[in-house]
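Engineer: Submitted below is the structure of interest, expressed as structure tokens.
The values are calculated or read from the model by the stated rules, or taken from the named source; none is laboratory data. Keep in mind that this is a model prediction, so the values were computed, not measured. Don't worry about glycine lacking a Cβ; one is built from the backbone with ideal geometry, like all the others, and counts go over all protein chains shown. Calculation scope for accessible area: heavy atoms of the full protein, side chains included, ligands and nucleic acids excluded. Shrake-Rupley method; radii C 1.70, N 1.55, O 1.52, S 1.80 Å.
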Amino acid sequence: MNILLLGPPGAGKGTQAKRLEEHYGMVQLSTGDMLRAERAAGTPLGKQAQAIMDAGKLVSDDIMIAMIKGRIGRLGGKGFILDGFPRTVPQAEALDKMLAENKIALDAVIEITVDEVALVDRIAGRFSCKNCGASYHDRHNRPKQEGVCDVCGSHDFIRRPDDQADTVKARLDAYRQQTAPILPYYRAKGLLRSVDGMAPIDAVTQQIETILKKAAG
Ligand code: AP5
């Protein structure tokens, strides 16, 4: 299956994508994680993206489209979960084009809806494993054993530089102005489904699995 997870910062896209990856062997394509890897490696692209990300703005369409194009071309038949792409209408149009070129169909576009107050709380409490990227929260989603990553056993955790209060406001503005307009784009194609992201993490996963089963026919 090939799906796209949409939703504002902190909605739970990354959390759900990781679960789908583990349960169904799909490949998570997170453009945020790709950019953070470029930053960590100190590449010219990473350096260019750093200031934009830390200001809560969007990296240019040209860069993002080129980045995802390379990944889509190397999937080798595996299903994917797109997380963080597309984020603008030009990105959505470019995605359609690259999927058509690779003869890949999109099965569902799943919007995770969450109240804005909860989003800010989720982002403020988020931390992740420095080694494998597994995401946690100070209150809603702590590691089973304190200080030890559930997935890889690492003891190193980090917080994202763009999770500061001012940057979160800019990221929410960018979502409203530049990303929300892609919802009607997918609604018009009959692909858009919505899940209640205010529910606990397991319940959100169940809602997504129900959609996937229906899409699989
Ligand atoms: P990106 O990394 O994509 O960030 P984002 O979209 O802002 O989303 P987040 O990663 O903050 O949230 P999420 O929805 O994944 O939530 P999570 O699962 O972590 O992008 C970062 C930056 O990169 C952008 O600002 C931009 O600059 C650039 N960029 C990336 N892609 C781009 C593109 N295509 N074009 C241009 N620029 C691009 O969950 C959050 C917290 O809540 C966690 O602590 C989690 O444990 C907890 N949680 C999750 N679900 C629940 C639940 N149901 N109940 C309670 N807590 C929950």
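Engineer: Can you give me the long-range amide H partners of L82? Hydrogens built in the peptide plane at 1.01 Å from N, cutoff under 5 Å, separation of 5 or more residues or another chain.
Structural biologist: I3, L4, L5, L29
Engineer: If packing is taken as the mean number of other Cβ atoms within 10 Å per residue, what is the order of 120-132, 168-180, highest first?
Structural biologist: Highest-to-lowest ranking by the protection proxy: 120-132, 168-180.
Engineer: Then there's this: Enumerate the helices in the chain for which the Kyte-Doolittle hydropathy averages -1.0 or more and the C-alpha atoms extend at least 20 Å along the helix's axis, using complete DSSP H runs.
Structural biologist: Membrane-span-like by this criterion, though nothing is claimed about a membrane: 201-216.
Engineer: Continuing with the same structure: If you take the C-alpha gyration tensor of segment 20-106, multiply each eigenvalue by 5 and take the square root, what semi-axes do you get, largest first, in whole Å?
Structural biologist: In descending order, the three semi-axes are 23, 16, 11 Å.
Engineer: For the chain, with every protein chain kept in place, what is the accessible area per residue (1.4 Å probe, Å²)?
Structural biologist: 51 Å²
Engineer: Give me the distance between the Cα centres of segment 194-211 and segment 103-169, rounded to whole Å.
Structural biologist: Cα centres, segment 194-211 to segment 103-169: 16 Å.
Engineer: Could you sort out which of K97/K214; K69/K169; K97/K213; K13/K69 sit more than 23 Å apart by Cα distance in this structure?
Structural biologist: Beyond 23 Å between Cα atoms: K97/K214; K69/K169; K97/K213.
Engineer: Cα gyration tensor of the chain, axes a ≥ b ≥ c as square roots of the eigenvalues: rounded (a/c below 1.5), prolate (a/b > b/c) or oblate?
Structural biologist: Note, shape of the chain comes out rounded.
Engineer: To check you understand DSSP bridge types, tell me what percent of the beta bridges within the chain (both residues inside) are antiparallel, rounded to 5.
Structural biologist: Looking only at bridges with both residues in the chain, the antiparallel portion is about 30 percent.
Engineer: Within segment 4-133, what whole-number % of the accessible surface is contributed by carbon and sulfur, with the 1.4 Å probe and all protein chains included in the calculation?
Structural biologist: The C+S portion of the solvent-accessible surface of segment 4-133 is 52 percent.
Engineer: What net charge do the residues around R160 carry, taking every other residue with its C-beta under 13 Å from that of R160, with Lys and Arg at +1 and Asp and Glu at -1?
Structural biologist: Here the count lands on +3.
Engineer: While we're here: Calculate for the chain the 222 nm mean residue ellipticity that helices alone would give, adding -39,500 (n - 2.57) per DSSP H run of length 4 or more and normalising by residue count, nearest 500 deg cm²/dmol.
Structural biologist: Per the formula, -14500 deg cm²/dmol.
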